[in-house]
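The values are calculated or read from the model by the stated rules, or taken from the named source; none is laboratory data. Keep in mind it's a predicted model, so treat the numbers as computed, not measured. Methodologically, a virtual Cβ is constructed for each residue, glycine included, from the backbone with ideal geometry; neighbour enumeration extends over all protein chains shown. Just the protein is used for accessible areas: all its heavy atoms, side chains included, with ligands, DNA and RNA removed. Shrake-Rupley method; radii C 1.70, N 1.55, O 1.52, S 1.80 Å.
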Amino acid sequence: MSGLLAVFRGEFRRMFALRPVFSVLIIGSAFYAVFYPQPYLNEALHNVPIAIVDGDGTAISRELARRVDATSDIAVTMVLPDLVSAEREVYARKISGILMIPKNFERDLLHGRASPIALYADASYFLVYQRVFGSVVAVARTVGAEIETTRLIGIGVWPVLAGAASDPMQLTAVPLFNPQGGYATYVLPGAFVLLLQQILLVGVGLLGTLPGADPAENATDNSPPGPLAILAGKMLAYLLLEAIILPLYLIALPYFYGLPRLGGVIPVLIFAVPFVLSVSGLGLVVAAIFKSPLPVQLVLATIGLPFFFLAGFAWPVEVIPNAVHVASLLVPSTSAIDGFTRLAQLGAPLADVRNEFLTLWGLAIFYGGIVWILEFRKRRRDGRNERIVMA
C-alpha cells in the first residue's frame, strides 16, 4: 500500500512539475473550455442571403417573396431580373441561393394548375442548404394551401372543407432533446468528450515518456513498488485530476452554455470512472510503444481527427462499415459519447447504457492488463540485468 501511495503522490506531483504536461492537462483544459464552444454559440444559422428572380411580377409572387424574406432563416438581399445575373452573384459568394418564380405564376395558381418555382441553393455547405431549402418549402406549401383554399371557397365549397382539402395532413414537428434545432446542442456534448479524451491521452502519454516516468527508479528504499502498485497508483492520480476537469466539461459547461439536460449528475460521474481508466490505460500503452514525447504528440495529434469521425456523430454509425465500427470500439470515446449523451442530454438511467458501460470497463481492463504485462516484463528484465552485473 505504501508503494501505491508513493506512486500516486509522485505521479500527481509530476502533472504540475513537468511544464509540457501542465500545459496540456491544466492550461489546455482551461483553454478549450473557454474558446472551443464560442463558434457554436449562435446555435443555428439565420438570415442566409438569397436572391429572388421574379419572372411574374404579380401580387402573389411578391407575397411569396415577402414571406420568404420574413422567415428567420433567410434574408432576401437581392431582387434580380434574370437567372444569369443571379448566377454571377452566387459565383461571387454574395448569396447562397436563388429563388426563381416563373412567368404566369399567379395565373396558373388561380386556375388550379401547378406552377412550380425553382430553388437553386448552395449544397457545398450542407447546413446552409438545409436552412434555405426547408424555409422555402415551408413558405411555398403555406402559400399554395392558402391559394387553393381561396379558390375552392370561390367556387362554393364550404370553408372548413376547403381548408381541409388544401392541407389534409397538417404536420406538427416537435424537436425532442434539442428544442432550438441548434448545431451547438448537437455537437458540443460529443465534442466535450472527445476533448477530454484527447487532452488526457496526450497528458498521460507525456507523463509516460518524460523523465521520472518509472517509479522504481525513484524509489528511496530497497523495495520498489511492483507492477500492479505502479499501475494502480498512476490510475488513481489520473482519476483525481479528472474528478475536477471532467465535471467541468460534462456538467458545468453544458449548464453555462444553456445546453438542454435531462439527466442527473450521479449517473454521469459513475459512467466517467471506466472512461477515465480506459483512456488512461490507452495513453500508457501509447507511451510504452513510442517511448519519446515527440512521437507520442505527433501520433495522438494525427489520430485525433479519425477519432472524431469514428465517434458516430459527425457521420452516422449506420453507414460506417461494420468492420471499421467494431475496430472503433477499441477507442473509449466511441462508447463514451453515446453513453454520456444518453445519460446527460436524454435523461436515460444508467441501466440503459449498460453495454457502453461494460465496454469501457472492458477497455480499462484490457489496456490496464497490457500496461501491467509490459511493466512486469520490464521488472523481470531489470532484475536479470542486475544479477548479471552483480555476478
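Between Ala243, Ala92, Ala252, where does the largest GNM mean-square fluctuation fall for the chain, given springs only between Cα atoms within less than 10 Å? Judging by the Gaussian network model, the answer is Ala92. Note on Leu110 and Glu318: with the Förster distance fixed at 35 Å, the Cβ-Cβ geometry gives a FRET efficiency of about 0.15.
Please give the contour-minus-distance gain from Ala92 to Trp361: 0.36 nm per residue of separation, less the Cα-Cα distance, rounded to one decimal in nm. Kindly include the intermediate steps, with their values, before the conclusion.
Values: separation 269, 0.36 × 269 = 96.84 nm, distance 5.33 nm.
Contour length minus the Cα-Cα distance gives 91.5 nm.
The residues of the chain expose on average 54 square angstrom of accessible surface per residue, using a 1.4 Å probe on protein heavy atoms. Computed in the context of the full set of protein chains, the accessible area of the stretch 27-100 at 1.4 Å probe radius has 59% of its extent on carbon or sulfur.
What separates the Cα centres of the stretch 119-181 and the stretch 1-60 is a distance of 37 Å. Indicate the gyration tensor shape class of the stretch 244-342 (rounded, prolate or oblate), computed on the Cα atoms with a ≥ b ≥ c the square roots of the eigenvalues: a/c under 1.5 is rounded; otherwise a/b larger than b/c is prolate and the rest oblate. Since a/c reaches 1.5 but b/c is at least a/b, the shape of the stretch 244-342 is classed as oblate.
Of Gly182, Gly144, Gly283, the residue with the greatest mean-square motion in the GNM of the chain, using alpha carbon springs below 10 Å, is Gly144. Using a simple spin-label model with pseudo-atoms 7 Å out from Cα toward Cβ, Ser292 and Glu63 lie 7.4 nm apart. Annotation: amide H of Thr77 within the under-5 Å range of Ile50, sequence separation 5 or more or interchain, hydrogens built in the peptide plane.
Classify the stretch 111-183 as rounded, prolate or oblate, taking a ≥ b ≥ c as the square roots of the eigenvalues of its Cα gyration tensor: rounded when a/c is under 1.5, otherwise prolate if a/b is larger than b/c and oblate if not. Walk me through the numbers before you get to the answer.
On the way: a/c = 5.07, a/b = 1.70, b/c = 2.98.
It is oblate, given that a/c is not under 1.5 and a/b is not larger than b/c.
Here the chain carries DSSP beta bridges of which approximately 30% are antiparallel, counting only pairs with both residues inside.
Quote to one decimal, in nm, the extra length available between Phe22 and Val187 on full extension: 0.36 nm per residue of separation minus the C-alpha distance between them. Present the calculation step by step, with values, prior to reporting the outcome.
Values: separation 165, 0.36 × 165 = 59.40 nm, distance 2.74 nm.
Net length gain for the segment: 56.7 nm.
Angle check, please: helix 126-154 long axis (alpha carbons) against the longest principal axis of the chain (alpha carbons), in degrees 0 to 90, nearest 10. That works out to roughly 30 degrees.
Let me confirm the definition first: pairs of Lys residues in the chain, 8 or more apart or on different chains, C-alpha distance under 27 Å. How many are there?
4
Around the amide H of Gly312, modelled in the peptide plane, lies no amide H under 5 Å away from a residue 5 or more places distant or on another chain. Within the shell of other residues whose beta carbon sits under 14 angstrom from the beta carbon of Val193, the net charge comes to -2, with Lys and Arg scored +1 and Asp and Glu -1.
The portion of the accessible surface of the stretch 233-391 made up by carbon and sulfur, rounded to a whole percent, is 72 (1.4 Å probe; DNA, RNA and ligands excluded). Under 5 Å between amide hydrogens, built in the peptide plane, is the criterion, and for Ile98 it picks out Ala51, Tyr120, Ala121 among residues at least 5 positions away or on other chains. Residues considered: Leu25, Leu41, Leu80. Largest GNM mean-square fluctuation over the chain, using C-alpha springs under 10 Å, is found at Leu80. Here the extension length gained between Ser85 and Ile373 equals 96.7 nm, from 0.36 nm per residue of separation less the Cα-Cα distance.
Only one item in [x] 24.7, 79; [y] 29.8, 113; [z] 21.6, 65 matches Rg and Dmax of the Cα atoms in Å derived from the coordinates shown, and that item is [y].
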